Amino acid sequence: MSDLTLPLLIAEWPRNSRDRIRVRLNAFNGRTTIELREWYPTDGDYKPGKAGITLSVEHVRTLADAFAKALAEAESRNLLPPAG
């Protein structure tokens, strides 16, 4: 593992009016992970929910490729609202 301070928040957006989705780099059992997880508000802060996935960071390229393909397919089928 590098000198990276973990967890490191990569992205965050609202899932609904209450919950958030967060993408983070983190560590678990001495291994670096990538997390995509729902977070819910409690006591003025947010806590991770059960909904989500945590993978070894070695899968991040495959995950990025899969998301890029999903984005291209969704755009080609006009499934997304206009960007911006």
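Quick note: the coordinates plus some simple rules give every number you see, no bench work behind them. Quick caveat: nothing in here was measured; it's all calculated off a predicted structure. Counting neighbours? That spans all protein chains shown, and the Cβs are built from the backbone with ideal geometry, glycine included.
The calculated FRET efficiency for Glu75 paired with Thr54, based on their beta-carbon distance and R0 = 30 Å, is about 0.60.
I need the trypsin sites (Lys or Arg not before Pro) found in segment 1-66, filtered to DSSP loop residues with at most 11 other beta carbons within 10 Å of theirs. Answer by residue number: Arg18.
Counting only the Cα atoms, the chain fills a convex hull of 136 Å³ per residue. Taking all Cα pairs closer than 8 Å and separated by 6 or more residues, the relative contact order of the chain comes to 18 percent. Positive end of the dipole of the chain (Cβ unit charges, origin at the Cα centre): among Val57, Leu4, Leu80, the Cα lying farthest that way belongs to Leu80.
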